[in-house]
There are 2 protein chains.
Amino acid sequence: MTRTPRERMVLSAAQLVRIHGVGATGMREVVAHAEAPRGSLQHYFPGGKDQLIAEAVAWAGDYAARRVARVAAKLDDPTPGKLFAAMAAQWRDEFTTAGFDAGCPLVATVADTASTSDSLREAVGKAFDGWQRPVAATLEQLGVPPARSTSLAVLMLSALEGAIVLARAHRNVAPLDTVVAELRPLLDGAVAKRRRRSSTVD
Amino acid sequence: MTRTPRERMVLSAAQLVRIHGVGATGMREVVAHAEAPRGSLQHYFPGGKDQLIAEAVAWAGDYAARRVARVAAKLDDPTPGKLFAAMAAQWRDEFTTAGFDAGCPLVATVADTASTSDSLREAVGKAFDGWQRPVAATLEQLGVPPARSTSLAVLMLSALEGAIVLARAHRNVAPLDTVVAELRPLLDGAVAKRRRRSSTVD
DNA sequence: GGGCTACCATGACGGGCGTCATGAAGGAGG
DNA sequence: CCTCCTTCATGACGCCCGTCATGGTAGCCC
């Protein structure tokens, strides 16, 4: 709440991109939403809109990564499948309580700017990497062989992002539940055998 | 090649949405790309931009559905996993030969308009349904129990769409290969047991 | 030929966009 | 007191947007 105007602008940009996409999110709109002075734009973001969106994307990537770590720490008797279910549940909760207006800012940024701005595209790539890393790390911690942890992390991110898109299109969280139900056995089956029952014995 | 100007405009709209998103695709740009007369816009699409984009989305859904049917028919010794691999291979081929500038128009339309235009959002929902239906039908044909065929179809679409987004962000087709590799055993394991080896015996 | 319809052309309107130029408050340090 | 620097304010510029109004052309039907 006691954020600096600059931070507020970045956060507002991220939120507005989630709702309207990059192209339809105006600088003036960001300033109004952040209740920030318009003159601050050229002061804090001399790189213009690209810089503002790039910082919003980077922030979103960090936020997603932190959220993975937080949700992983809160699981009792954790398994890869439960981790994925918890990640999907966060979106499920948001959709059911706040509606389907807002999606993933990374997806929106890729869809709008992948062909026009290399800097933004790279920013999204890094954000995805920063999100994928803690997922893969958590998988290894749960007993998934390192050779497979990044592959499964990519699968989890892909399925989650796709399910988010389907859920928004249908205004229905069912796709999230479906991918969780179908992927759970696969994910839990990926833990190395010698560790498989260590959670009960150790 | 001998398409009517109206068709050309719909196709051009779909292509441009894939590249620039809905918000950044202008009507004049569509007209120019379609080499169509500008006056035809208000004649053929009195509903304005929404109507044009909605028809582009519907066409894209039909196209995806036809492509599924076509690729399913061409598989020899088909299995669910091979179907998914073939669907992903079409995107892989496009990315490697034509670059990463164009993504899925349905994803772009959801990201840009899910919160602002109910008609467009519904159009995308129908397009996804029309794409999902032949996938599920093919799965059943390959021996997947009907109770699971739609679930697996949702998983396939989700993972594919998500992998497309990741691939564009990284300008790298690896995510497509990864989801195929990880999902293939799961998909092939879903065929009912009495049909499992019927392909070699029958 | 006259009228009707389908199709196309062109220009204007109002509005929003991102960006830039100019300048004012207001505290820190000399 | 004066200067410097951060921060903010405001208005203008040029551009592109989606839409609408108006009119022109071409072909068919009576």
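Here, each number is a calculation from the coordinates, and none is a lab measurement. The structure presented is a predicted model; accordingly, all values stated were derived computationally and were not measured. Cβ placement follows ideal geometry from the backbone for every residue including glycine, while neighbour counts extend to all protein chains displayed.
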Given (1) within 13 Å of DNA strand C (Cβ to nearest atom); (2) more than 12 Å from chain A (Cβ to nearest Cβ), B:A72 misses just (1)
Apart from one, (1) facing chain B (nearest Cβ under 8 Å); (2) more than 25 Å from B:A111 (Cα to Cα); (3) aliphatic (A, V, I, L, M) all hold for A:L187; the odd one out is (1)
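Taking the condition more than 7 Å from chain A (Cβ to nearest Cβ), among the hydroxyl-bearing types (S, T, Y), farther than 25 Å from A:F84 by Cα and surrounded by fewer than 20 Cβ atoms within 10 Å (Cβ to Cβ), does B:T96 pass? Show your work before the answer.
Numbers: more than 7 Å from chain A (Cβ to nearest Cβ): yes; among the hydroxyl-bearing types (S, T, Y): yes; farther than 25 Å from A:F84 by Cα: yes; surrounded by fewer than 20 Cβ atoms within 10 Å (Cβ to Cβ): yes.
When the stated conditions are applied, B:T96 passes them.
Is one or more of the residues making up the range A:49-66 away from DNA strand C (no atom under 16 Å from the Cβ), within 14 Å of chain B (Cβ to nearest Cβ) and more than 13 Å from the chain's Cα centre (by Cα)?
Of the residues in the range A:49-66, the ones away from DNA strand C (no atom under 16 Å from the Cβ) are A:58-66.
Retained after the next criterion (residues that are within 14 Å of chain B (Cβ to nearest Cβ)): A:58, A:60-61, A:64.
So of that shortlist, the ones also more than 13 Å from the chain's Cα centre (by Cα) come out as none.
No - not one qualifying residue is present in the range A:49-66.
Suppose we filter A:S119, A:S149, A:S115 for residues that are more than 9 Å from chain B (Cβ to nearest Cβ), under 22 Å from A:A24 (Cβ atoms), out of contact with any strand residue (DSSP E or B) (no Cβ under 6 Å at 6 or more places or on another chain) and among the polar types (S, T, N, Q); which single one remains?
Values: A:S149 fails: under 22 Å from A:A24 (Cβ atoms); A:S115 fails: more than 9 Å from chain B (Cβ to nearest Cβ).
Exactly one of A:S119, A:S149, A:S115 is more than 9 Å from chain B (Cβ to nearest Cβ), under 22 Å from A:A24 (Cβ atoms), out of contact with any strand residue (DSSP E or B) (no Cβ under 6 Å at 6 or more places or on another chain) and among the polar types (S, T, N, Q), namely A:S119.
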When only residues in the range A:37-93 that are within 16 Å of DNA strand D (Cβ to nearest atom) and aliphatic (A, V, I, L, M) count, which is farthest from A:G21 (Cα to Cα)? A:L41
Mind counting the residues in the range B:162-171 that are farther than 18 Å from A:L152 by Cβ and either part of a loop (DSSP other than H, G, I, E, B) or at the interface with chain A (Cβ under 7 Å from one of its Cβ atoms) (or both)? 3
Check B:T109, B:T4, B:T25 and return the single one that is away from DNA strand C (no atom under 16 Å from the Cβ) and either within 13 Å of another protein chain (Cβ to nearest Cβ) or more than 23 Å from B:K126 (Cβ to Cβ) (or both). B:T109
Matching residues in the range A:175-193 - criterion: being more than 19 Å from the chain's Cα centre (by Cα) and of a type in the set (A, V, I, L, M): A:A181, A:L186, A:L187, A:A190, A:V191, A:A192
With the condition kept exactly as written, say whether any residue in the range B:47-60 is in contact (Cβ under 8 Å) with a residue 12 or more places away in the chain and touching a Lys or Arg at 6+ places or on another chain (Cβ under 6 Å). no
